[in-house]
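This report concerns only the one structure given below.
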Amino acid sequence: MLIDRSTSPSKTLIKLFEIMWDKPSAKVEYILKTMGNKFTTAYVSDNPNSEEEGKKQLQIGITLFYKFIENVLQNEKKLHDDISGLLDKEVFYHCMFACCLEIVLFSYNSSKKFPWLLDILNIEPFQFVKVIELIVRLKDQLSREVIKHLNKIEETVIESLAWKSNSKIWSAIYLSENVPKFEETALPGHILYIQQSTNTNDQNEISDASMMQISATESFQSPIKQTTSNMQLQPVIQAGQSVLQKNIHLNKNGSEKLTSVIDSEQPAQQKKKFYNLAGMRMEHLCTKLGLTNTELKQKIWTVFEESIRNTDLIKDRHLDQLLMCAVYIICKVSGGSLKFQDIMKFYREQPQSAVMEKIESAVQLKPGLKSCSFITIINGDKACI
């Protein structure tokens, strides 16, 4: 995929840079040099004999970066007349380059595992995750294994890494004054609206926007205003779907409203993907537990969503911890006999259950306190409560 490519921008990319008033070529070169030095220094820190290997992977990463940047910007020119705002964003280049290096590390089966790269380059996970879908949707000869790896990274960021107490996403959340509800995070190009008809002979009207391209300009620079409908509770997502590839099906009752402004520095985009992933996992878990009653599942989703909007609950915790608690609470107050051990048993059958031990044992009740296991908490151990 890098045939006829080099560690320098192509003539096509140079032309794209030259039409911009600030001509970002020099800025990009400086960013690559600075980040490249950090990468090679950290790469050899635990193995001085790996210097040549690190430099080789860096060169491949730079070559890949220029290829992807060119393709992304060409797509942006089709979507927007003016992309100068995007080209002025250094964080866009940082994240694109980091993603290219991550692809190289994975392809060479490096011992440097995610999120090592974000740590040494000081890149915020909630910013980094914005470029993953842009790169995957290029469909530029990426192997299935690489795409699966990027998908796993995105899920890791969305389910826990973005919500660490030291994440800058909290500053964005506090500035926005409130965490958006699920329906306020729905963006064009990500949703299938299902029009419910009172005429049983009519088929559901589906407006498929799935073929719309994801815009880097909108992800990193431009605020977006849109009109959506009052949508009901949780997304209906099939188990096993990739958070990178799925569409969400939402009920629509016809009542129009204007959502809040969605800015790239605010958490709406992150929350949208978060809710998508949560809906997929909730549907899978409820199916395994035999919870098929729609009203019951809507109650579970309401409890889960409210726990997310209380931002302190997700801080330093995992999406699945809150989701399992929501299932348990609703089943408990509804008079069911479901035990928390049963929830964990079926949760282990989900694809992400490889991290189950960490999710079970590392439940933080309050900031600064030691973590306890779910079972210890449920049993009322005084050392935890």
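Structure summary
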quantity: Candidate residues 30, 43, 108: accessible-area rank, largest first, probe 1.4 Å; calculated: 30, 108, 43
quantity: Residue 70 - accessible surface, heavy atoms, 1.4 Å probe, Å² rounded to 10; calculated: 10 Å²
quantity: Over 28 Å between alpha carbons, listed pairs 11/139; 27/273; 27/168; 139/315; calculated: 27/273; 139/315
quantity: Modelled FRET efficiency - R0 45 Å, residue 295 with residue 348, Cβ distances, 0.05 increments; calculated: 0.95
quantity: Distant-in-sequence amide H partners of residue 164 (H built 1.01 Å from N, under 5 Å); calculated: 316
quantity: Nearest-10 value in Å² for the accessible area of residue 153, using the 1.4 Å probe; calculated: 10 Å²
quantity: Calculated FRET efficiency for the pair residue 339/residue 49, C-beta based, R₀ 45 Å, to 0.05; calculated: 0.25
quantity: Per-residue SASA entry for residue 116, accessible area with 1.4 Å probe, Å² rounded to 10; calculated: 50 Å²
quantity: Additional length obtainable on full extension of the chain from residue 302 to residue 77, 0.36 nm per residue less Cα span; calculated: 77.0 nm
quantity: Solvent exposure ordering (accessible area, 1.4 Å, most first) of 161, 105; calculated: 161, 105
quantity: Accessible area, probe 1.4 Å, largest first, for residues 79, 296; calculated: 79, 296
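The values are calculated or read from the model by the stated rules, or taken from the named source; none is laboratory data. Here the structure is a predicted model, which is why all the values come from computation and not from measurement. Neighbour counts run over all protein chains shown; Cβ positions are idealised from the backbone, glycine included. Please note that ligands, DNA and RNA were not included when accessible areas were found on the heavy atoms of the full protein model with its side chains. Shrake-Rupley method; radii C 1.70, N 1.55, O 1.52, S 1.80 Å.
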